[in-house]
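Engineer: Quick one: structure below, then a few questions.
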Amino acid sequence: MLEIEIDGAKLEVPDGSTVMDAANRAGTFIPHFCYHKKLSIAANCRMCLVEVEKAPKPLPACATPVTNGMKVSTHSNKAVNAQKGVMEFLLINHPLDCPICDQGGECQLQDLAVGYGGGASRYKEEKRVVVNKNLGPLISTDMTRCIHCTRCVRFGQEVAGIMELGVGNRGEHSEIMSFVGRTVDSELSGNMIDLCPVGALTSKPFRFSARTWELSRRKSVSPHDSLGANLIVQVKHDEVKRVLPLENEAVNECWISDKDRFSYEALRSPERLTTPRIKQGGVWRDVDWQTALEYAASSLKGVAADHGASQIGALLSPHSTLEELYLAQKLVHGVGSDNVDFRLRQSDFSLDGKRAGAPWLGLPVAELSNQDAVLVVGSFLRKDHPLLAQRLRRAASQGCDVMRLHVSADDLLMTLAQDVIVAPSELVRSLAAIVKAAAQIAGAEVSASVADVLAAVTADEQAEAIARALSEGEKAAVLLGNFVAQHPNAASLELLAAELARLTQASVGVIGEAANSVGGYIAGALPQGQGANAAAMVAAPLKSYLLLGVEPELDCADGLAARKAVQSAASVIYLGSFASDSIAEIADVMLPVSPFAETSGSYVNAEGRVQSFHAVTKPLGDSRPAWKVLRVLANLLQLDGFEFDSSEAVRAAVLAQGEVAAKLSNVAEGAVARLDAAPAGLQRVADVPIHFADALVRRAPALQATRDGKAPDLRANSALLAELGLQAGDAVRVRSSSGDAALVARADDSVPAGCVRVAAAHASTVALGSLHGTLTVERA
Amino acid sequence: MTALSGHGVVLDGIAGENTWRLEDYLKRGGYAALKKIIAEQIPPENIIAEVKKSALRGRGGAGFPTGLKWSFMPRAFPGAKYICCNSDEGEPGTFKDRDIIRYNPHALIEGMIIAGYAMGCGTGYNYIHGEIFAEYERFEAALAEAREANLLGSNILGSAFSFELHAHHGYGAYICGEETALLESLEGKKGQPRFKPPFPASFGLYGKPTTINNTETFASIPYIIREGGEAFLNLGKPNNGGTKLFSVSGHVNRPGNYEIPLGTPFSELLELAGGMRGGRKLKAVIPGGSSAPVLPASIMMDLTMDYDAIAKAGSMLGSGAVIVMDETTCMVRALERLSYFYFEESCGQCTPCREGTGWLYRMVHRIEHGEGRAEDLEMLTGVSDNIMGRTICALGDAAAMPVKSFVKHFGDEFAYHIQHKCCLVPHEVQREGSKIYVEHAC
């Protein structure tokens, strides 16, 4: 510990602290622009100059290490003169037109200019003008306002992992710019807007739509990925205008992904369902809630009476709240059916009934940054979980061996110690090889569940290197991504991963596909007894479906089959926030329920953290929180146990069943792993693109306009394209056993041999059916 | 060719055509120091002690004691350590390193090898200014000769000591002469200074301990080892050991590089350079490169040319670039030229320099062009004060010091300009003196 005196106050700080750290600890504010606690030190703005005893010149607090006995004055004449001098320089070329700047009112430069700037400028020369840049649909620029703090540049280099912005030119001509003609495409790019201390980088969708002081700040939780990023939702006139990160070091730190940030635009989508509707004689009619609910109740009763309650099934979106999932499954069970599921994109359910608890991350999110070795299996990590990728990126830069076994070599923008890319059918075999190597290293007996599989594989050098890194890492983790969850042989992958973790004393975890992938288990939104799971409800169509936030063709493992199954039903009750043409075709009654911003509820994130939130606005139109709708529907069905008068009461009922932590487990017993046979033909590698993954983000215009929002194409490595006689840019027809799609071919050498990558969750590829299996490709 | 006068150390015995060749250097006693070290297996710490004894001070401008700098290199550091030679000579008025590389490159190479030996470095780099081409090629040729003769490379002269030296040709940015910007540039990044601490001795090239010295500094080392630190020190005066190359430019009859003992009176140097052109009266001298404060003739003629005396007079010996100005010089115009240089060469990384150098230039430009305002004089000093000591590197100070000193010593010329919208020195006089077209008339 070092002793330091700041403005006369003595305190002790740890070795290696800077004067800025010490000042933060002492609660002393030192003005600054380029300094940011999560970024490297640049010391270029010079605003934090302070007087240090015995130093001839003022020193920047952000970059000056504390020495024992140091005496610092932050408000002495010398310090304040230096700070005022710097402020004058910052302002001479900065437009002094705060009233027309979008940053006005939340601008660090504006705030500090009040304290350190002059009333009038001495600068009488011409001011600098800098040409604006097109950085894409999310970030708007006013480059003349830039003060060259380089926070955005450092964010790209250090956090996002890709330097999309840099400082071009020199001296007074220095400009922040992207590489010639490029836009900023990082899935974390929106954070640069927050980091920019001036109005140089602002939010394009939000620009000029409200002033910060007109907005109320309300806490919420992201409804997208399984991290559950904490949000501040800003509201004006009962409309969400903007979403910002709410700092939570244990979850999202001070970042959010672009999906978390810009998906709010969908809340006012033209497709928003705002009135209850029923279909009569093929014609949709707006009705009042009473009519709609009675209609829904009577159709459920009708199907139960005519075909038996087992002909009723519920498909629930994993982006629904814990409360909604709980009430929905309770309602379905209440009417006598066990057919309920929220794991819509899964196709292997063979571990059901054998699990000891809800599959989860296996360790706290924050611990990801502290691992020594991590093996990520089957994950498009950067796009599926941008902020978890960010944590691993930091770990990798600090020496963690991040390794990957996957079906596509997407650039994770971090150094991978090992990278094994195989076809989907080889995933189990490759993981088994690693387990085998781990068993050899550990010299341990292998579990019966995987013994047969291990006997059939051999471990190569790479498998051994991965196993060794996991064994040697003091903190090691095996993480299973979305592709594993969706894999037709997911059970084998889970069993092997668990065995690998056991042999290497690593933790094993399932990252989780959606905001409530853990919550669905906690809410019991699963089939019970002989009940049908999501796949079974599609394979053997039922007479009646209840859809909660689900768009079957886009949200299910086999969208085409799901749509057909639902369409064939006698009665389809849709509770959702959006009414697409497709929903209009398949549903009989549409009940408008509130999206996350308009309802209260909870998400249980990947680490089992229950995060509750309140509505930030009133429900749009006649839409209502789904928990209320389900409650009233249950009342109309004369079901007991639905006497809830708040979502908090629902949550209490769910959580009263026991601690969430005690229900988390990645242990499954009584199952045996098996190898996949290699199919003949081109295997489909299907990702769920970041901006198509759920109903909300699909309707966010700015996100859809980004590079990540592009419609799927057919991607194959150049060798395969040549073999198929195709060139990049060719129009192709892609066929599966269930249908065909017209796409454009693109060369992508990250796709393994014998595979073609065709993204799912998009209208253009629904006809291909299953996420898995083989495809044929021919020139269109 | 500029006038060249060498006696003493760096340009000792330079005469004739092929002084840059190994053969010529060997004839002049070259590589004797290295051979002595190898033959006698002199311990590295003794070499550093010898350099300390010589009172050699960094010739790049800061004048930091070389022996002390060398002793900062962590002795027991595991892994790579580097030495770099700063031949990125970009300061207006300075052209000495260019001549060392041109006429005596082997002295530099030998000096760097010895430095590598003394500090336990296996690799060295010479960063050569981007605007000199022939010199870069000549240095490469000299390196090839040294390698050929086993003076450089693996197992030098059959010993266990290996040292490799690479030349790097920059792109001509002045800022890359700042040692940490040089390192960034050498690493392939944009040349802009790093914040210190950490200093290069602990975190230098590629994050490894690194010592950076000027060309002339390294080129002085063979003499010190050959003749002893004492002998070098005695060439100059206490705390200002040895000889120094002065690049004399401006209104003298024979501009060029002159190597003279530190402590020589300025009047003698002026004499060496052939005296004032046209016998005109000396007006002012910038004694240490364009970033050093200007001194008026009255002070200058009483000065001796060494670090301490010039510092006492309120300027710096700097790189030893002596810019001589006679009575035909308009000091406002001279400052405008200098200010433009710093405005143009600021890297733009930190605020005071990025914004301040342009402001200073624009004010001086206005004054020179008859648009000065009464408050400008005070503002010139005020803005300079706001730059000085508040930037990441010394370029800010370098831009501010000329302005402050010009205003301090020649404030009346500035005031005249502002008041009369016209030069105090009549244009025809300026034209006669500089032989350059002076574009505007009052």
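The values are calculated or read from the model by the stated rules, or taken from the named source; none is laboratory data. Since this is a predicted model, take the numbers as computed values, not measurements. Neighbour counts are summed over all protein chains in view; Cβ atoms, including those assigned to glycine, are modelled from backbone coordinates with ideal geometry. The accessibility values were calculated without ligands, DNA or RNA, using every heavy atom of the protein model including side chains. Shrake-Rupley method; radii C 1.70, N 1.55, O 1.52, S 1.80 Å.
Engineer: From the backbone phi of region A:169-181, what are the Karplus-calculated ³J(HN,Hα) couplings (6.51 cos²θ - 1.76 cosθ + 1.60, θ = phi - 60°) in whole Hz, Gly and Pro given as x?
Structural biologist: Values, residue by residue: 6, 9, x, 5, 8, 4, 9, 7, 8, 8, 5, 2, x Hz.
Engineer: In region A:205-279, carbon and sulfur make up what percent of the accessible area (probe 1.4 Å)?
Structural biologist: 47
Engineer: Which residues' amide hydrogens lie under 5 Å from the amide hydrogen of residue A:401, considering only partners 5 or more residues apart or on another chain, with H built in the peptide plane?
Structural biologist: Residues meeting the criterion, in which the H sits 1.01 Å from N, are A:373, A:374.
Engineer: How many percent of the accessible area of region A:710-780 is carbon or sulfur, using a 1.4 Å probe?
Structural biologist: Reported share for carbon and sulfur atoms: 49 percent.
Engineer: Run the quick spin-label model on residue A:350 and residue A:505: label points 7 Å from Cα toward the beta carbon, then report their separation in nm to one decimal.
Structural biologist: Taking the two extended label points, one gets 3.2 nm.
Engineer: Excluding residues on the same chain fewer than 8 positions from residue B:35, give the lysines whose Cα lies under 26 Å from its Cα.
Structural biologist: B:27, B:52, B:53, B:69, B:81, B:244
Engineer: To the nearest 20 debye, what is the magnitude of the charge dipole of chain A about its Cα centre, counting +1 on the Cβ of each Lys and Arg and -1 on the Cβ of each Asp and Glu?
Structural biologist: With only Lys, Arg, Asp and Glu charged at Cβ, the dipole is about 1580 debye.
Engineer: List the pairs from A:37/B:196; B:408/B:435; A:54/B:408; A:383/A:628; A:124/B:404 whose alpha-carbon separation is above 24 Å, in the order I gave them.
Structural biologist: B:408/B:435; A:54/B:408; A:383/A:628
Engineer: Now, a different point. Taking the DSSP beta bridges in chain A as the whole, what percent of them are antiparallel, to the nearest 5?
Structural biologist: Roughly 55 percent of the beta bridges in chain A run antiparallel, per DSSP.
Engineer: Return the residues of region A:47-82 for which accessible area with all protein chains present is lower than in the chain on its own by 40 Å² or more; set the probe to 1.4 Å and exclude ligands, DNA and RNA.
Structural biologist: Residues losing area: A:57.
Engineer: Is the shape of chain A rounded, prolate or oblate, going by the alpha carbon gyration tensor and its root eigenvalues a ≥ b ≥ c, with a/c under 1.5 for rounded and a/b larger than b/c for prolate?
Structural biologist: Cα axes put chain A in the prolate bin.
Engineer: Another question, then. What accessible area per residue, rounded to a whole number of Å², is obtained for chain B using a probe radius of 1.4 Å?
Structural biologist: 36
Engineer: Checking the cross-link filter: which lysines have an alpha carbon closer than 18 Å to that of residue A:301, excluding same-chain neighbours under 8 positions apart?
Structural biologist: A:279, A:330, A:543
Engineer: With every protein chain left in place and a probe of 1.4 Å, what is the accessible surface of residue B:353, to the nearest 10 Å²?
Structural biologist: Accessible area of residue B:353: about 10 Å².
Engineer: Taking amide H positions as placed 1.01 Å from N in the peptide plane, with prolines and chain starts having none, which residues 5 or more places from residue B:8, or on another chain, fall under 5 Å of its amide H?
Structural biologist: Amide H neighbours of residue B:8, under 5 Å, 5+ apart: B:13.
Engineer: Amide H to amide H under 5 Å from residue B:21: which residues, 5+ apart in sequence or cross-chain, H placed 1.01 Å off N in plane?
Structural biologist: none
Engineer: Can you compute 3J(HN,Hα) from phi for each residue in region A:764-780, using the Karplus curve 6.51 cos²θ - 1.76 cosθ + 1.60 with θ = phi - 60°, rounded to whole Hz and x for Gly and Pro?
Structural biologist: 5, 10, 4, 4, 6, x, 4, 5, 10, x, 10, 10, 10, 10, 9, 5, 6
Engineer: Moving to a separate point now. What are the DSSP H helices in chain B that stretch 20 Å or more along their long axis, judged by alpha-carbon atoms, and whose average Kyte-Doolittle hydropathy comes to at least 0.0?
Structural biologist: Counting only whole DSSP H runs, the qualifying helices are B:105-119.
Engineer: Does region B:155-292 classify as rounded, prolate or oblate by the C-alpha gyration tensor (a ≥ b ≥ c root eigenvalues; a/c under 1.5 gives rounded; else a/b over b/c gives prolate, otherwise oblate)?
Structural biologist: In terms of gyration-tensor shape, oblate.
Engineer: Specify which residue in the list B:199, B:162, B:146 is farthest towards the positive end of the charge dipole of region B:144-244, using unit charges on the beta carbon of Lys, Arg (+1) and Asp, Glu (-1), about the Cα centre.
Structural biologist: B:199
Engineer: To continue, here is another question. Report the extension gain between residue A:57 and residue A:369 in nm, rounded to one decimal, defined as 0.36 nm multiplied by the number of residues separating them, less their alpha carbon distance.
Structural biologist: Residue separation times 0.36 nm, minus the Cα-Cα distance, leaves 108.5 nm.
Engineer: Counting only protein heavy atoms, probe 1.4 Å: which residues of region B:351-365 lose 50 Å² or more of accessible surface in the full assembly compared with their chain by itself?
Structural biologist: B:351, B:354, B:355, B:359, B:362
Engineer: If each of residue A:776 and residue A:649 carries a label point 7 Å out from its Cα toward its Cβ, how far apart are those two points in nm?
Structural biologist: So the two model labels end up 6.0 nm from each other.
Engineer: Assigning unit charges at the beta carbon (Lys, Arg +1; Asp, Glu -1) and nothing else, what dipole magnitude in debye, to the nearest 20, does chain B show about its Cα centre?
Structural biologist: It works out to roughly 580 debye.
Engineer: Further question on the same structure: Which one of B:418, B:342, A:327 is farthest out on the positive end of the charge dipole of the protein assembly as shown, using unit charges on Cβ (Lys, Arg +1; Asp, Glu -1) and the Cα centre as origin?
Structural biologist: Positive-end residue among those listed: B:418.
Engineer: Something else: What quantity of accessible surface, computed with a 1.4 Å probe and excluding non-protein components, is buried in total between chains A and B, in Å² to the nearest 100?
Structural biologist: 2800
Engineer: Relative contact order for region A:692-744: what is it in percent, counting Cα pairs under 8 Å that are at least 6 residues apart?
Structural biologist: Reported relative contact order: 24 percent.
Engineer: Please say if region A:610-769 is rounded, prolate or oblate, where rounded means a/c under 1.5 for a ≥ b ≥ c the square roots of the C-alpha gyration tensor eigenvalues, and otherwise the choice is prolate for a/b larger than b/c and oblate otherwise?
Structural biologist: Verdict is prolate for region A:610-769.
Engineer: Where nothing but the Cβ of Lys and Arg (+1) and of Asp and Glu (-1) is charged, how large is the charge dipole of region A:672-780 around its Cα centre, in debye to the nearest 20?
Structural biologist: Roughly 220 debye, rounded to the nearest 20.
Engineer: Now for a separate question. Dipole of the protein assembly as shown (Lys/Arg Cβ +1, Asp/Glu Cβ -1, origin at the Cα centre): which of A:743, A:768, A:702 lies farthest to the positive side?
Structural biologist: A:702
Engineer: Need the per-residue list for region B:169-195: every residue with at least 40 Å² less accessible surface in the complex of protein chains than in the chain by itself, probe 1.4 Å, sorted by number.
Structural biologist: B:190, B:195
Engineer: While we're on this one: Using θ = phi - 60° and the Karplus curve 6.51 cos²θ - 1.76 cosθ + 1.60, what whole-Hz ³J(HN,Hα) does each residue of region B:251-264 get, with Gly and Pro shown as x?
Structural biologist: Listing the rounded values in order: 7, 10, 6, 10, x, x, 9, 10, 9, 9, x, 4, x, 6 Hz.
Engineer: From Cα pairs below 8 angstrom and at least 6 apart in sequence, can you work out the relative contact order of chain B, rounded to a whole percent?
Structural biologist: 16
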